[in-house]
Every structure is written in C-alpha cells, then in structure tokens.
Amino acid sequence: MTCGSSARANVRGMSRSFLDLHVPGTPLLMPNAWDVGSAKILASLGFAAVATTSSGYAATLGRFDGDVGREEAITHAGELARAVQIPVSADLENGFSDEPRRVAELIATARDVGLAGASIEDHQPGGDHPIYDPVLARERIVAAAQSSGDLVLTARCENHLHGVADLADTVARLQAYQEAGADVLYAPGLTEIAGIRTLCAEVDRPVNVLLMKGGPNPEELAEAGVARISVGGTFAWNALTALVEAARELLDGETGFLERAQAGRAVIDDAFR
C-alpha cells in the first residue's frame, strides 16, 4: 500500500468512526476550534471530535464571518485535520458557490485534505432571499453527496438564523436533504425544544443542534433525541473576550490577568507536546 492510499484509508476509517459517534439520545459533544492550537487543546481534554468555525476562523484573520475565501477555508480545515488524531468536520458555509458542481468539487477536496466531515448550508449570500430555492438547495446536496464518499456530509437549513421562523419548511428542507444523501441534518438557530423534538422525530438521520443562549441544555437536547451538539463560534468568542478583559486590566494598571493565565497552562502545555 502506498503512502497516499494508506492516508486515504485512514481518512475513510476515521469518517466511519465519526458517523458512529452520532447516537440519538446520547449526543456527541463537538466543540468548534478556530485554529490548530485550540483544536489540540480540545482533543487533549477528551472530546471525540471537533469542528471548525467559520466565524471563529474569520476572527483570527481580523474579518467578519463570511469574509473568508474558499481556498483559505479548506486549507485551514485541512491544517486542523492533520494536527489532531480525532475526526474534524469543516464548516464550509454554502460551499463558496451557488453551483452544485462547484460544491461537489469542494467536498472532494475536503476528503483529500483529510477531513472526516463537512457541512454545506442553504444560505444564499447576497441573494434576493436569504435561503436558496428548495430545488436548487436539494441539487447542491445531491452533488455534494455524490462526491462525499465516506466523508460525513452535514446538510444545514439556515432558516432560523435568517429570520425565516418556519418549522414546517425547515423540516421539509431537511427531509429533502436527507433524501439527497446527507448523513447528518442541522438547523442552526432552532432553539425551541418542542421544535427540536419534532425535527428529530420527522427525519431519519442524526440531528445536530447548535447550543445558544436561552436555548435547551445538553441534557434536554439528549432527551429530545439529538445526536450531536456543537457551539459554533462561541468558544472563540470566549477566548477573545478573555483577551479584551486582560487588555482592559493592563490599560487600567491592573494585573489580575497574570494569575488567570496560569489556570490552563498545564492543559495547554500537555496538548502541545
């Protein structure tokens, strides 16, 4: 077996084990890392898988979510995948193209760089409507699924992040994406436990839920039948908030940040070894 074929076999094995971690009622806790260092720390703490975060990564570049390019995003995701020995799933936004063919090409590249999973959303940046037409949205997932191989494909319905509070449409779209070949379904922004429970009951694929302020906690989500829980950019914003707090202390002549910096050093040093 050549080095290339061995690497591809390792990715296939990791993708299969990644999908096996999605158990309704016993959800996989999958935090989102924003750089190699944070991915290594999360892996060292015992998480079984991590995801990237488009907003968190954009922040490391001094940009807003949505301002990172296609090549930047896939290169970043591949770096994380090579840095840790656990599955990494990439937030690939809308595939950085409206065209199903281009979405399929990106998913194929995701496999090549060692990712175990990737998500494609139906948000239409700059369009007259924030969400793609259902027919085109499904065609994009069909194309992605046809090139995904063993990669775990997550299809996202973005209704609830873009002012379309229509649970029936969300369920119908995710059912269509399921039929199109998605392995995992995701409706970020859906926070009502009754709606989450309905979604889990109406689809035949594992459901991911984004933890949000004021929404259900992991125990409540488990009871609703959720199979995976993620945090989006929240961990990145927590880290950046700690930076802001420390910087303000220094400007005020205070040094409390020196003591706080020691709290996680042992974990961090171990993760980087």
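The values are calculated or read from the model by the stated rules, or taken from the named source; none is laboratory data. Note that the structure is predicted; figures quoted are calculated from it, not measured. Note that each Cβ is placed from the backbone with ideal geometry, even for glycine, and that neighbours are counted across all protein chains shown. SASA here: full protein model, heavy atoms, side chains in, ligands and nucleic acids out. Shrake-Rupley method; radii C 1.70, N 1.55, O 1.52, S 1.80 Å.
Go through (1) on the phi > 0 side of the Ramachandran plot; (2) surrounded by fewer than 16 Cβ atoms within 10 Å (Cβ to Cβ) one by one and return the number of the condition residue 146 breaks.
(1)
So, residue 207, is that one touching a helix residue (DSSP H, G or I) at 6+ places or on another chain (Cβ under 6 Å), within 26 Å of residue 107 (Cβ to Cβ) and in contact (Cβ under 8 Å) with a residue 60 or more places away in the chain or not?
The answer is yes for residue 207.
Condition check ((1) in contact (Cβ under 8 Å) with a residue 60 or more places away in the chain; (2) in a loop (DSSP other than H, G, I, E, B)) across all residues:
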| position | (1), (2) |
| --- | --- |
| 37 | yes, no |
| 46 | no, yes |
| 79 | no, no |
| 85 | no, yes |
| 95 | no, yes |
| 101 | no, no |
| 104 | no, no |
| 107 | no, no |
| 111 | yes, no |
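Among the residues of region 178-199, what is the count of those that are charged (D, E, K, R) and within 14 Å of residue 214 (Cα to Cα)?
Total meeting the criteria: 1.
The rows are residues; the columns are (1) open to solvent by 30 Å² or more (accessible area, probe 1.4 Å); (2) in contact with a Cys (Cβ under 9 Å, 6 or more places away or on another chain); (3) closer than 28 Å to residue 266 by Cβ.
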residue: 44; (1), (2), (3): yes, no, yes
residue: 51; (1), (2), (3): no, no, yes
residue: 61; (1), (2), (3): yes, no, no
residue: 68; (1), (2), (3): no, no, no
residue: 71; (1), (2), (3): yes, no, no
residue: 87; (1), (2), (3): no, no, yes
residue: 94; (1), (2), (3): no, no, no
residue: 115; (1), (2), (3): no, no, no
residue: 118; (1), (2), (3): no, no, no
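Residue by residue through region 15-58, note down the ones that are over 13 Å from residue 118 (Cβ atoms) and modelled with pLDDT under 95.
16, 17
What single numbered condition from (1) more than 18 Å from the chain's Cα centre (by Cα); (2) within 21 Å of residue 69 (Cα to Cα) fails to hold for residue 164?
All conditions are met except number (2).
Which is in a helix (DSSP H, G or I), touching a helix residue (DSSP H, G or I) at 6+ places or on another chain (Cβ under 8 Å), hydrophobic (A, V, I, L, M, F, W, C) and within 20 Å of residue 109 (Cα to Cα), of 176, 137, 144?
144
From 211, 221, 190, grab the single residue that is aliphatic (A, V, I, L, M), at pLDDT 95 or above, out of contact with any Lys or Arg (no Cβ under 7 Å at 6 or more places or on another chain) and open to solvent by 40 Å² or more (accessible area, probe 1.4 Å).
211
Would you confirm whether or not region 156-179 contains a residue that is farther than 26 Å from residue 216 by Cα, of a type outside the set (A, V, I, L, M) and open to solvent by 30 Å² or more (accessible area, probe 1.4 Å)?
yes
Determine whether residue 203 is open to solvent by less than 20 Å² (accessible area, probe 1.4 Å) and closer than 18 Å to residue 121 by Cβ.
yes
Assigned to a helix (DSSP H, G or I), at pLDDT 95 or above and surrounded by fewer than 19 Cβ atoms within 10 Å (Cβ to Cβ): is that true of residue 198 in this structure?
So residue 198 fits the description; yes.
Which residues, counting only those in region 97-108, are surrounded by fewer than 19 Cβ atoms within 10 Å (Cβ to Cβ) and either over 17 Å from residue 132 (Cβ atoms) or within 17 Å of the chain's Cα centre (by Cα) (or both)?
105, 108
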